[in-house]
Amino acid sequence: MLLNGIHIENSYAEAFDMKATRLIVTADTPAWARHAGMAATGFATSVIACGCEAGIERELAPEETPDGRPGVALLFFATGRSVLGKQVETRLGQCILTCPGTACFSGVPRGVKEDLIPLGRKLRYFGDGQQMSKLLGGRRYWRIPVMDGEFLCEESSWSVPAVGGGNLLILADARMAALEAAEAAADAMRAVPNVVLPFPGGVVRSGSKVGAKYKGMPASTNDAYCPTLRGLPRSRLAAEVESVLEIVIDGLTAADVAAATTAGLKCLIERGRGSGIWGVTAGNYGGKLGRHHFHLHELLP
Amino acid sequence: MSVLSFRLKGPLTGRIDASPLLPHRLAELSLPEIAALPLRLGRGHVAVGDLFDLSGSPGDTVELEGDGRLDFVGAGLTGGTIRVAGPVGHRAGTGMSGGSLLVEGSAGLAAGASMRGGELIVRGDAGSELGGALPGERAGMTGGRILVHGTCGDRAGTRMRRGLIAVGGDAGAYAALHMTAGSLVIGGRPGAFTGHGMHNGTILFRGEIEPLPGFADCGLNRLPFLSLLDNHLSGLNGVPPACRGMTGQARRWLGDRGFGGRGEILTCL
């Protein structure tokens with residue numbers, strides 16, 4: 001299918017069921033909330049080696065946060081509740097507790113015990129007996145004395161079902177064209193609520209396929225989309241395509257991932273062939289691994 | 001929503017135990033059955049119908065004409081609403097675990113004592129032992145909230161363990177006596193010996209005080225917790241306006257260290 005000169009391949013992104021949680025981190029200024037958010041969601045691009053995928057969902061105005069200070073909403077995704085809990089616990093302790101002036105709250109509705117993600121519940125022991133708890137409106141908060149005052153932290157958050165691994169592949173004539181298109185598409189997709197793009201700047205250049213010729217490599221380079229291997233029979237790239245970039249989407253529901261995919265497609269189609277975009281496709285593993293399939297032709301704007 | 005109203009037929013001749021007049025206990029009864037219910041009056045009993053004119057239909061709300069001799073109003077309330085037009089006597093809302101008790105007038109002694117949940121709002125003043133412990137109980141209030149628009153007497157929040165007491169006016173002496181945890185917000189001024197023997201918990205009011213010697217001055221602090229608490233109060237109905245807006249700098253007194261306590265008195269600037 002050709003739209004505004006861009007090839008939209010009849011392909012689909014294959015995404016997986018994950019567990020997610022949202023944290024609301026506030027601080028004295030938006031910049032310090034952002035610092036905490038950036039650190040806590042750093043090194044969280046892929047569950048393959050990072051343990052979780054995470055990102056800043058959006059910035060929050062003071063009137064949107066529980067303590068009336070500027071903040072950020074962070075989304076964390078992992079393959080299961082226990083690994084998610086472990087990741088959130090260490091990131092909270094090392095990246096949010098440590099950041100000046102921050103406070104941390106759960107950003108999801110109260111769930112059941114089985115879905116519990118401990119926040120202050122474990123971190124309170126850092127208070128060495130000087131911590132205080134407060135129960136307000138059925139939610140418990142911990143106040144831990146720290147050197148710049150007090151770290152205020154909700155006792156727990158909860159995991160919610162989520163979808164991870166939605167994606168778009170942008171095929172372009174040149175690396176700069178691919179990069180500019182990916183930046184624009186990532187900006188458009190980030191505006192969709194309940195999703196994060198976990199890779200640096202939202203963009204991946206090293207898309208992977210399952211398996212490798214080497215033992216012990218669970219994933220290896222997606223050679224069918226590597227332009228330097230265009231001449232091989234298994235290459236999927238047209239001769240004009242010189243650079244491919246991928247945008248990976250994690251969202252709280254399949255509808256959120258679909259909405260982000262549509263927003264990305266809309267942005268790319270509007271840029272048109274003249275901007276150097278050759279086409280758009282999506283990555284999948286034959287449809288057997290992930291329950292959620294996002295067909296590009298069904299998600300066109 | 002069905003409302004059952006009780007209007008006094010005349011002046012009371014003695015103190016009445018009004019604890020049977022709970023919405024959930026009356027909901028299954030007809031008006032004649034309710035009129036025949038016995039209420040304790042002094043040493044004897046009297047039928048509900050002899051004291052009150054009944055109107056409306058039994059349901060989740062009871063409206064009561066108030067009188068300072070009506071004791072135990074809403075005691076043991078588990079759900080529904082009791083609205084009292086006027087004052088109530090002693091021990092209103094003691095042992096409540098849910099529902100809402102709204103007193104338009106003042107409340108006597110031990111209102112909300114040993115409360116476990118729900119909401120008690122007093123538009124007038126409250127007597128001593130507000131939200132305190134009933135005789136023989138180890139813990140005072142263990143949940144819910146008490147919102148008093150006027151003043152309160154001595155020993156408010158005695159042995160309190162959880163929950164919130166907000167008093168719009170001044171508090172009497174020995175507020176939060178032996179408090180274990182929870183929050184006591186005073187819109188006016190605290191009385192003498194505030195926080196005596198407190199183990200944990202928070203007392204919050206405006207203006208400096210000279211607390212008991214067991215309290216250590218931890219200086220001025222800006223606590224995000226105060227904004228969180230104020231936000232929480234803003235979402236509740238019937239919070240005394242004087243209890244709002246305590247979000248700025250606060251002096252923190254840690255104690256009562258004479259009892260090994262690490263509770264806090266926060267005096268907002």
Subject >> Condition met for A:Ile24 (surrounded by 23 or more Cβ atoms within 10 Å (Cβ to Cβ), within 14 Å of another protein chain (Cβ to nearest Cβ), under 22 Å from A:Val257 (Cα atoms) and β-branched (Val, Ile, Thr)) >> reply: yes
Original post:
How do the strands (runs of 3 or more DSSP E) wholly within the range B:59-117 filter down when requiring 2 or more residues that are under 12 Å from the mean Cα position of the chain (by Cα): which remain?
Top reply: B:97-103
**OP:** Would you tally the residues in the range A:84-115 being within 12 Å of A:Cys52 (Cα to Cα) and either touching a residue at least 40 places away in the same chain (Cβ under 8 Å) or in contact with a His (Cβ under 8 Å, 6 or more places away or on another chain) (or both)?
**Re:** 5
Original post:
Of all residues in the range B:173-201 being in a loop (DSSP other than H, G, I, E, B) and in contact with a helix residue (DSSP H, G or I) (Cβ under 7 Å, 6 or more places away or on another chain), which is farthest from the other protein chains (Cβ to nearest Cβ)?
Top reply: B:Gly188
Subject >> Residue list for the range A:212-233, restricted to those being part of a loop (DSSP other than H, G, I, E, B), over 24 Å from A:Gly276 (Cα atoms) and without any contact (Cβ under 8 Å) to a residue 40 or more places away in the chain >> reply: A:Ala212, A:Lys213, A:Tyr214, A:Lys215, A:Gly216, A:Met217, A:Pro233
Original post:
Looking at B:Glu264, is it among the acidic types (Asp, Glu) and within 10 Å of chain A (Cβ to nearest Cβ)?
Top reply: yes
**OP:** Quick one: which residue in A:Arg143, A:Arg139 is without any contact (Cβ under 8 Å) to a residue 60 or more places away in the chain, touching a helix residue (DSSP H, G or I) at 6+ places or on another chain (Cβ under 6 Å) and facing chain B (nearest Cβ under 10 Å)?
**Re:** A:Arg143
Original post:
Which pairs have Cβ atoms under 8 Å, sit 6 or more apart or on different chains, and link a residue in the range A:66-83 that is over 14 Å from A:Val47 (Cα atoms) to one that is part of a strand (DSSP E or B) and aromatic (Phe, Trp, Tyr)?
Top reply: A:Pro66/A:Phe105; A:Asp67/A:Phe105
Original post:
Name the residues in the range A:102-129 that are over 25 Å from A:Trp32 (Cα atoms) and either hydrophobic (A, V, I, L, M, F, W, C) or in a loop (DSSP other than H, G, I, E, B) (or both), would you?
Top reply: A:Pro109, A:Arg110, A:Gly111, A:Val112, A:Leu116, A:Asp128, A:Gly129
**OP:** Answer yes or no as to whether B:Val46 is more than 21 Å from the chain's Cα centre (by Cα), over 11 Å from B:Leu120 (Cα atoms) and not in a loop (DSSP other than H, G, I, E, B).
**Re:** yes
**OP:** Could you list, in sequence order, all residues of the range B:213-252 that are more than 9 Å from every other protein chain (Cβ to nearest Cβ), part of a loop (DSSP other than H, G, I, E, B) and among the polar types (S, T, N, Q)?
**Re:** B:Asn237
Original post:
Which condition number in (1) within 20 Å of B:Gly238 (Cβ to Cβ); (2) part of a loop (DSSP other than H, G, I, E, B) is the one that B:Leu204 fails?
Top reply: (2)
Original post:
Quick check, is A:Leu171 touching a residue at least 60 places away in the same chain (Cβ under 8 Å) and surrounded by 14 or more Cβ atoms within 10 Å (Cβ to Cβ)?
Top reply: yes
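Values in this text are rule-based calculations from the coordinates and carry no lab data. Here the structure is a predicted model, which means the values were calculated and not measured. Glycine also receives a Cβ, built like all others from the backbone with ideal geometry; neighbour counts cover every protein chain displayed.
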